[in-house]
Each structure stands twice: as C-alpha cells, then as structure tokens.
Amino acid sequence: MKRDFLSLYDLSKEELKALLERAKELKAKQKRGEGWRPLEGKTLAMIFEKPSTRTRVSFEVGMYQLGGHALFLSSQETQLGRGETIADTARVLSRYVDGIMIRTFAHRTVEELAQFATVPVINGLSDLLHPCQILSDIFTIWEKLGDYQVKVAYVGDGNNVANSWINGSLKMDVELRLACPPGYEPDRRILERALEEGAKVLLTHDPKEAARGAQVLYTDVWASMGQESEHQQRLEVFKPYQLNGALLELAAPGALVMHCLPAHRGEEITDEVMDGPQSVVFDQAENRLHVQKAILEWLMG
C-alpha cells in the first residue's frame, strides 16, 4: 500500500518523530560530506501551479543528493493547462515516475491527485495546508531549543501555514497561540477538530496576548499568492500584527524569530527583527531540504 504526505494530521506522532530523527541524520551526513543515494534511478515529478523558490530548489536538490532526479512540470507547460483532468494526469505520471510533488491552489487537487496516482504524492503547498513547511519548522525548533514541546506564537493571517501549525500542535504537543484579525482566522474545521482531540491551541485577536512568554514568534505574509487584489486592504487590517521589536520584548528571553518566507520586509516583519540575533529564518529555509529528504526517502526509498 502506497503512502502519501498530504497533511501532518494523517501521520502519527511516532511517524513524525521518526522523520525528524531521520532529517537530523541526513543533515549530519551532508555536513560531513558523506554521500547517500537510496533513490538511485528514481524520479520525482514536481507539478507547480504556483511559483516557488524554496519548494522547488529544496525538492530538486534533495532528489539529486539522494541519487534521484526531479522533473519540473509547470501547469502552463503541460496538458493540465489545457484542461486535462487531475485524475488522468495522475494515472499517466504514475506510469513514468516514482513519486509526485504538487504545489497548487485548491487542496482538493492534492487529494484527487493522491486518489488516482499509484505512486506517493507529496503536498508541497495548497491554499489549505503547508505540511512540509511546518514539519521543517518543528525540526528547526527542536534543533535550536532541544525540544519541540514549546510555546509558539503565530501572529498574522490564518492561512495554510496557520492551519498546518494547528495540525502540528495536535500531533507534536506544541502549545500554540494564534493571533489573527477578526475575519482572518484559521480554518474552523481544522481548529475544532484539533481542540476536540486535545490540542493546546489558543485563538486570540490580540498579538500581545499570543506573544507574552512565547519561546517562538512566527509570522507569514499578510497577502498570499492569489490574494494580490486584497493587498492594500490587508495592509490596514494587519498593521497591529507586525512582528517587531516591541512584540519580541513580550516573548520569553532568547525567543526564536521565525518566518516561512518570502518576507515582505516592513510589513509583517521588520528588518530589525528578521536580521536580529534571535532570528532563525534562514536556518528554517535550509531545513526544508533536510526534512524533505527524509520525507522522500520514507515515501520512495
């Protein structure tokens, strides 16, 4: 039976911990210059309906370092852009490749791809969820603080990153505080499910309440891809939710500053904080590579 990686919710705590442990080992191997090629002769198809820097480069480099090959497929340059169904695309690609990663808009696209593909499917991002990002973030917190069962304050838009943080909180016993403006909260079903299953999640409209005593301060852009027309409106709504020096002072001493990138400097985060000594933003970005190598090895190795 094939395995997919669509949501952190789908995996057990033990499976997620094993991926974190394996990412640590793979990162150490790379730093020591040791080769490791368990995916020799295997190919990953990468479907992009949204532009990407970190997702594309980390998966492509990850496949190369594991001995495999990654194939970039833009929806505008394949038959998907001319109306071929996701189901038919899944069936065809499964005859050619050993795994599929997709970065898209509708989460239903990811689910349908996994339903009809006979090879593993990885959710590289959808409008609903961003599981690869949050697993990498949990890895970074564990790497920096020696534990991942810490207090995380997420300040900003209740988007796919916030939704995946809720799932990550449930699975990994993270204490999560979400500060979002009214009307911009995370997905209600995901939040309610997590709370029903015992997640330690607080939703507030007050960024100061979320930040007070937190060991991690986390933010994301205020207008994601596809929301460009709302940018000016969102700038006004989200002004009180900026991750700046004043907010950082409320956090625990030595609190980590995190951002999944790309950052709109001067909007959701200030240069002072992003480039400051407590920022681990670029370590986060690097760790996408190591965690995704662990996922690729687990699914395709």
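Bear in mind that the values in this text are calculations on the coordinates, not laboratory data. These numbers come from a predicted model, not from an experiment. When we count neighbours, we look across all protein chains shown, and the Cβ atoms used for this are built from the backbone with ideal geometry, even at glycine.
What fraction, in whole percent, of alpha-carbon pairs in the chain exceed 28 Å separation? It works out to 37 percent of all Cα pairs.
Note that the range 93-105 has calculated 3J(HN,Hα) couplings of 4, 4, 7, 9, 10, 9, x, 10, 10, 10, 10, 9, 8 Hz, one per residue in order, obtained from phi through the Karplus relation 6.51 cos²θ - 1.76 cosθ + 1.60 (θ = phi - 60°); glycine and proline are x.
Take 184-197, 208-221 and order them by the average number of nearby Cβ atoms within 10 Å per residue, most first; the result is 208-221, 184-197.
Put simply, when 131-137, 57-63 are sorted by average Cβ atoms within 10 angstrom per residue, most first, you get 131-137, 57-63. Checked against a 20 Å cut-off, the cross-linked pairs Lys50/Lys239; Lys208/Lys239; Lys29/Lys151; Lys31/Lys151; Lys2/Lys42 give Cα-Cα distances beyond that limit for Lys50/Lys239; Lys29/Lys151; Lys31/Lys151.
Our helix-only sum for the chain, with -39,500 (n - 2.57) per DSSP H run of n ≥ 4 divided by its residues, gives a mean residue ellipticity at 222 nm of -13500 deg cm²/dmol. With the simple spin-label model, which puts each label point 7 Å out from Cα in the Cβ direction, the Asp88 to Glu25 separation comes to 4.3 nm.
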